Each structure stands twice: as structure tokens, then as C-alpha cells.
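Peer 1: Sharing a structure below in C-alpha cells format, with a few things to ask.
No lab work stands behind these numbers, since they all come straight from the coordinates. Computed from a predicted model, the values in this text were never measured in an experiment. Note that we place each Cβ from the backbone using ideal geometry, even for glycine, and neighbour counts take in every protein chain shown.
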Amino acid sequence: MKWLYTTVQGDTWDILAHDIYGSEKLMHLLIAANPSHANTVLFPAGIELVIPETPKIKTNSMRAPWDD
């Protein structure tokens, strides 16, 4: 599910990614969803951004041998 976020003065892609997804390394998801703002470094207040769904994290279902 996608939702909208309205920026506040001083927002940056990395800060938004950290606040939304828990990791600044996922800022590429935000940029890809908002290509018209891809070159923005420091946001002014009032810009509406599309926030894509939180990515699913794959987990390894294999158990360690010592867990048996």
C-alpha cells in the first residue's frame, strides 16, 4: 500500500528513509517512487511524496546445526 507524505522544511531522502523504513539505505525506494524530485537534496515544506510499501525482508528459514 502506498501513502502520501508532505515534507517539512529540511527533510532529506536519507532522513525520510530512516524514519519510514528504519534504514537510510532504502532511500532509493523513495526516489524511485518520486522521480520528479529525484534531484532534490534538501526539501522545502509542502512537497507531497509517494511513500511505497515497506519492503518485505526475506528471512532464511534454515536453522543452525546447533539448534537441533
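Peer 1: With an 8 Å cut-off on Cα pairs and a minimum separation of 6 or more residues, tell me the relative contact order of the stretch 3-54 in percent. If you can, show how the numbers build up before the last one.
Peer 2: Details: 79 pairs, mean separation 27.6, N = 52.
Result for the stretch 3-54 is 53 percent.
Peer 1: Using θ = phi - 60° and the Karplus relation 6.51 cos²θ - 1.76 cosθ + 1.60, list the HN-Hα couplings for the stretch 44-49 in order, rounded to whole Hz, with x at every Gly or Pro.
Peer 2: Once θ is set to phi - 60°, the couplings for the stretch 44-49 become x, 6, x, 8, 8, 10 Hz.
Peer 1: Under a crude label model (7 Å from the Cα following the beta-carbon direction), how far is W3 from I31 in nanometres?
Peer 2: 2.4
Peer 1: Sticking with this structure for a sec: Taking the simple approach of a point 7 Å from Cα along Cα-to-Cβ for both D19 and W66, what is their distance in nm?
Peer 2: 4.2
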